[in-house]
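Engineer: For reference, the structure I am asking about is given below.
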Amino acid sequence: MDLLKDAIAKVDNKMLDEMQQGQSIKINKRFELYSYYNDTDEEDWEYFVLRDYGITDDPTYWEEGFVVQYGANDKAMFTDVYGYDNDEDFSY
């Protein structure tokens, strides 16, 4: 199973709307969705990332592999920030 495709299929705009600040949702055995939020007087921002726990063999280590944004037709948009190779193996 391609765990990245699985994660992308599960995340939608409704899921992003329902997330609380600092909340993380385990999507599958490799990916987790995390919500960053700041509502200070100086700034008000919110963004989401897809954390990848499959970068190393250490189960506590993760990288923020994708920025997740609201997209059209209730689909979330994913932007690769890690720089995955085109032949990256997402089956584990």
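Engineer: Quick one: in segment 1-47, which of the residues that are of a type in the set (Lys, Arg) and part of a loop (DSSP other than H, G, I, E, B) is nearest to residue 87 (Cα to Cα)?
Structural biologist: 30
Engineer: Taking the options 31, 90, 66, 78, name whichever one is under 10 Å from the mean Cα position of the chain (by Cα), closer than 13 Å to residue 4 by Cβ and touching a residue at least 60 places away in the same chain (Cβ under 8 Å).
Structural biologist: 78
Engineer: Considering (1) in contact with a Phe, Trp or Tyr (Cβ under 9 Å, 6 or more places away or on another chain); (2) farther than 15 Å from residue 92 by Cβ; (3) surrounded by 11 or more Cβ atoms within 10 Å (Cβ to Cβ); (4) at pLDDT 90 or above, say which one residue 20 fails and leave the rest.
Structural biologist: With (1) in contact with a Phe, Trp or Tyr (Cβ under 9 Å, 6 or more places away or on another chain); (2) farther than 15 Å from residue 92 by Cβ; (3) surrounded by 11 or more Cβ atoms within 10 Å (Cβ to Cβ); (4) at pLDDT 90 or above applied to residue 20, the lone miss is (3).
Engineer: On the given criteria, is residue 43 over 11 Å from the mean Cα position of the chain (by Cα), at pLDDT 90 or above and farther than 17 Å from residue 79 by Cα?
Structural biologist: In short, no.
Engineer: If I filter segment 48-56 for residues that are modelled with pLDDT under 90, assigned to a loop (DSSP other than H, G, I, E, B) and farther than 15 Å from residue 81 by Cβ, do I get at least one hit?
Structural biologist: For segment 48-56, residues modelled with pLDDT under 90, assigned to a loop (DSSP other than H, G, I, E, B) and farther than 15 Å from residue 81 by Cβ: present.
The values are calculated or read from the model by the stated rules, or taken from the named source; none is laboratory data. As the structure is a prediction and not an experimental result, all values here were calculated from the model. Quick reminder, even Gly has a Cβ in these numbers, built from the backbone with ideal geometry, and neighbours come from all protein chains shown.
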